[in-house]
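A short reminder: the numbers here are calculations on the coordinates, not readings from a lab. These figures come from a predicted structure and were not determined experimentally. Positions of Cβ are backbone-derived with ideal geometry, glycine not excepted, and every protein chain shown enters the neighbour counts.
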Amino acid sequence: MQIRANKILPKVRHIKPSMNDLNMNLSKSVACTIGAAIAMLVGNLYAQQVSRPTDSGFSFAVYGDSRSMMYLPPKSDQKEEATNLFIDMFNLVLPEKISEEVVRKDVKLIYDPATGELVQIVMPFMTRSEVTTLTLDKGWVTEASVEDVKLLPGVHRTMFRLQGGEWVAREVAQAVKSGRAKFVLHTGDLVWWGKQGPAPSENPYWKLVNDVLKQLPAPDDQMRAAGLAGRFFPAVGNHEAWYDPDFEGVLSTFPYLKDFGVSDKRLIYKFDFNDVRFIFLWTGKYDYRSPSRWDATQPEYEAQMNELKKWLDEAKAAGTHKIFITFHDPVFCRAGLGAIPASQNPHEIIASYAKDLDIVVFNGHVHTTELYEVDGVKYLLMGGGGAEQDPTLPGRTNIKVPADYPPDLYWKGQPPKEEYNYILVDVEPGQKTKFTLNRFRPWSATPFESEELFDSSK
């Protein structure tokens, strides 16, 4: 792997000369300009004869788990409304009969006495020994830290900064606007949930998503010819399903997915672009008793695997060699919530095609970054898009896995750290696919770096 460190990500700079410079060098500039123009014409003629068509390769961006933390009514006279939202949240991860008791007893909402604004929340996290402190501004959580009073007393470890996800969204949008990326794939969890607002257009979380989407240019002629009416293609995550049983948020935000047969009854789809196949599956709503289980019902796991095999067989028969598969829960994972259980893990099915197809799988769900290459398949766990990064906390950095479990090629045995990132994927016919990860580590002396993954630069 190659790492490039920068104080800021590299930008192209245009420097305008002064009028004195122009006057002093006018003759030289004219001569150089004419010479450059002639050279360009000759070069273009030569390129037309010996080079591949300019549209034979393309690039796209990938990120995931970009949802923010909660937005809460910010005023002190809205405290009961905020409390009820916390109860609804705890209902998703705890038996309902104890959620209200826990919230009213242990969740402390702190308001600025001068302004009446909600500025801090102190609450339990995922174990009895973990205490979370949330900092808020205008209702949004801007930072979250956790103290484990048992494993690491006195240490407050930051696991979320709103600026991290904002940086990722800004950079991804710029990649598309500049032409560096043709479109965007997302591994799921774009929003916190479907509550808070009578419609997705008034939901604070979907508003953030739309703030990104409206920056993207309309599809170009090449995309439209391939049947792509948008620039952003998500797999559905469990958060998109929470309190939105009809998936109105997804369907209204990405109406062009209906062109691929997506509906509230069918959340999987595929498309082809430039002789490459893209497949999107749906892993389900989340069950706190088995948080990475493939519990989808639109359609169920077995039906999705039948579709997957059909789509891979079609690609193989058509001579489509490169395949990118995106779904939320991870096939392999060493931290946090862990991987999809073996009984519903699609690796064997996917790997059975690896001798004939070049397959890459993008996952999310676990809020960290991990890389695997197993049985000829590349797996990228892209969980650094902006959500809280609980796998960085004590007791979650490594979970128990078998001794022969595949190694994580990203952290390489070191505990994961707070990091916000996305990747740019460069696809060229007949060449090795290139993966460039761009990251932001707020705590680091070199916060912005780029890294080539899977030795793809060689």
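General observations
- Rounded to 5, percent antiparallel among DSSP beta bridges of the chain: 75 percent
- Using every pair of distinct Cα positions in the chain, the Kirkwood expression returns a hydrodynamic radius of 23.9 angstrom.
- Partners for Lys316 among lysines (Cα-Cα distance below 20 Å; same-chain residues under 8 apart left out): Lys270, Lys355, Lys378, Lys432
- Positive end of the dipole of the chain (Cβ unit charges, origin at the Cα centre): among Leu152, Gln298, Gly194, the Cα lying farthest that way belongs to Leu152.
- For the stretch 71-169, trypsin sites (Lys or Arg not before Pro) are listed when DSSP marks them as loop and at most 11 other Cβ atoms sit within 10 Å of their Cβ; the list is Arg128, Lys138.
- Fewest-first sequence of Val131, Val250, Val107 by Cβ atoms within 10 Å of each Cβ: Val131, Val107, Val250
- Only the Cβ atoms of Lys and Arg (+1) and of Asp and Glu (-1) were treated as charged; on that basis the dipole of the chain about its Cα centre amounts to roughly 1260 debye.
- Over the stretch 395-458, the pair-distance histogram of Cα-Cα distances with 10 Å bins from zero comes to 17, 39, 31, 12, 0 percent, rounded to whole numbers.
- Mean Kyte hydropathy of 1.0 or more with a Cα span along the axis of at least 30 Å, helices from DSSP in the chain: 26-50
- Within the shell defined by Cβ-Cβ distances under 12 Å, the residues around Phe254 carry a net charge of -1, with Lys and Arg each +1 and Asp and Glu each -1.
- The Rg/Rh ratio of the stretch 298-339, with Rg taken over Cα atoms and Rh as the Kirkwood radius over Cα pairs, comes to 1.08.
- In summary, the aspartates and glutamates within cross-link reach of Lys75, defined as a Cα separation below 18 angstrom excluding same-chain residues under 8 places away, comprise Asp112, Glu117, Asp137.
- Cβ charges +1 (Lys, Arg) and -1 (Asp, Glu), total dipole of the stretch 367-458, debye: 120 debye
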